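Working notes, structure below.
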Amino acid sequence: MSIIIKPLVTEKMNGITEKQPNRYGFVVRPKADKLQIKKEVEALYNVKVVGVNTMNYAGKRSSRYTKAGLIKGKKPAFKKAIVTLKEGDTIDFYSNI
């Protein structure tokens, strides 16, 4: 089972990558720790990881009005990891499209 779920390609993450070109974001499994994330990124992308920062996000409640009435739900909780690579290393998420 893979630790990394998907890379984060959002407007906010692109802004971070433009300011510091050796930082990339990933959505990871909630039970993953920093060492597991580091090993997986190094194995998948053949780069040297210098540091890993993680953040846990709680699921938020949401509701919307429809013809059938009020529908309530919850968005899923997730864990985000910001990975700092060695100077000169890069990851190209769009290479195999």
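List of remarks:
- Given +1 at the Cβ of Lys and Arg, -1 at the Cβ of Asp and Glu and no other charges, the dipole of the chain around its Cα centre is 860 debye to the nearest 20.
- Axis of helix 34-45 versus longest Cα principal axis of the chain: the two differ by about 70°, to the nearest ten degrees.
- Low-density loop positions, trypsin sites (Lys or Arg not before Pro), region 3-53 - DSSP coil, at most 10 other Cβ in 10 Å: Lys31
- When the chymotrypsin sites (Phe, Trp or Tyr not before Pro) in region 1-89 are filtered for DSSP coil states and for at most 10 other beta-carbon atoms within 10 Å of their beta-carbon, no site remains.
- Entry for the chain at q = 0.17, 0.18, 0.25 Å⁻¹: log10 I(q)/I(0) = -0.77, -0.84, -1.39, Debye formula applied to identical alpha-carbon scatterers, no solvent contribution.
- The chain, accessible area per residue, ligands and nucleic acids excluded (1.4 Å, Å²): 76
- The accessible surface of the chain, taken with every protein chain in place and a 1.4 Å probe, is 52 percent carbon and sulfur.
The values are calculated or read from the model by the stated rules, or taken from the named source; none is laboratory data. Computed from a predicted structure; not experimentally measured. Neighbour counts are summed over all protein chains in view; Cβ atoms, including those assigned to glycine, are modelled from backbone coordinates with ideal geometry. These accessible areas exclude ligands, DNA and RNA; they are computed on the full protein's heavy atoms, side chains included. Shrake-Rupley method; radii C 1.70, N 1.55, O 1.52, S 1.80 Å.
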